[in-house]
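The structure appears below as C-alpha cells.
The values are calculated or read from the model by the stated rules, or taken from the named source; none is laboratory data. Values in this document were obtained by computation on a predicted structure and should not be read as measured data. Neighbour counts are summed over all protein chains in view; Cβ atoms, including those assigned to glycine, are modelled from backbone coordinates with ideal geometry. Surface accessibility is based on the protein's heavy atoms, side chains included, excluding ligands, DNA and RNA. Shrake-Rupley method; radii C 1.70, N 1.55, O 1.52, S 1.80 Å.
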Amino acid sequence: MIRHSGQGEALVSAIRQIVRAADPEQPISDVRTMDEVLAGDTATRHAQLQVLGVLAAVAVLLSGVGIYGLLAYTVSQRSQEIGVRLALGADASRVGRMIFADGMRLALFGIVPGVLGAYAAARGMSALLFGVAPSDPATFATGVGVAFLMTFAGSLVPAVKAVRVTPMSVLRAE
C-alpha cells in the first residue's frame with residue numbers, strides 16, 4: 001500500500017518501475033486505488049441499501065394513497081351527513097377540518113405502534129446501522145414527520161371534496 005494525495009492512477013507506472021528495480025521477478029497485478037477496494041468491498045451493502053430505499057419510498061407512497069383512498073371513501077359515504085351539516089349552517093372550513101381530523105387520527109393510530117415497531121426492528125438490525133444509533137431521535141422524528149406529511153397529502157383532496165359538497169346535490173341524489 002502506498003499513501004498518495006494525488007491521483008492514484010498517475011503513480012501506477014512509477015510504482016511498477018520502482019518494484020521492478022527492487023525485484024524484477026516480483027509480479028505486479030491487481031493495482032487498485034483504496035476507493036476501488038472500498039467500493040468492491042461495500043458493493044453488496046450499497047445494493048441492499050438502494051433496494052431498501054426504493055422499498056421505503058414505495059411504502060411511503062402506498063401509505064399516502066391508502067390514506068387518500070380511505071378518506072375519499074369516507075367522504076363519499078358521509079356525503080349526506082356533510083350536505084345536511086352544510087345545509088344547517090356548518091362552516092365549510094369546519095367540515096374540512098373534520099376530515100383532516102379523521103386523517104390525523106388515522107395517522108396517530110398508525111404512528112404510535114409504528115414507532116414502537118421501528119424501535120424494536122432497529123435494535124434487531126443494529127449490525128446494519130453505521131453511524132446511527134438504533135434509538136436516534138432525529139431518524140424517528142423524520143419518520144414521524146414523513147408519516148404526518150403523507151397523511152396531510154392524502155387528506156387534502158378528500159377534505160376539499162367534502163368542502164365542495166352542496167346540500168342540493170346531496171338532496172337530489174336521494
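Taking the condition out of contact with any helix residue (DSSP H, G or I) (no Cβ under 9 Å at 6 or more places or on another chain), within 16 Å of R78 (Cα to Cα) and part of a helix (DSSP H, G or I), does R172 pass? Full working, then the answer.
Details: out of contact with any helix residue (DSSP H, G or I) (no Cβ under 9 Å at 6 or more places or on another chain): yes; within 16 Å of R78 (Cα to Cα): yes; part of a helix (DSSP H, G or I): yes.
Taking the combined requirement at face value, the residue satisfies it.
Looking at the stretch 80-96, which of its residues are in contact (Cβ under 8 Å) with a residue 24 or more places away in the chain, of a type outside the set (S, T, Y) and open to solvent by 50 Å² or more (accessible area, probe 1.4 Å)?
Q80, V84, A87
Could you list, in sequence order, the residues of the stretch 116-151 that are under 21 Å from L70 (Cβ atoms) and surrounded by 12 or more Cβ atoms within 10 Å (Cβ to Cβ)?
Matches in the stretch 116-151: G143, V144, V146, A147, F148, L149, M150, T151.
Could you identify the single residue in A133, A120 that is farther than 27 Å from A153 by Cα, at pLDDT 85 or above and small (G, A, S)?
Result: A120 is the single residue among A133, A120 that is farther than 27 Å from A153 by Cα, at pLDDT 85 or above and small (G, A, S).
Note down all Cβ pairs under 8 Å where the first residue falls in the stretch 31-47 and is open to solvent by less than 90 Å² (accessible area, probe 1.4 Å), the second is among the aliphatic types (A, V, I, L, M), and they're at least six residues apart or on different chains.
Note: pairs meeting the criteria are V31/V12; V31/I15.
Confirm whether I82 is within 19 Å of V157 (Cβ to Cβ) and among the hydrophobic types (A, V, I, L, M, F, W, C).
Answer is yes for this residue.
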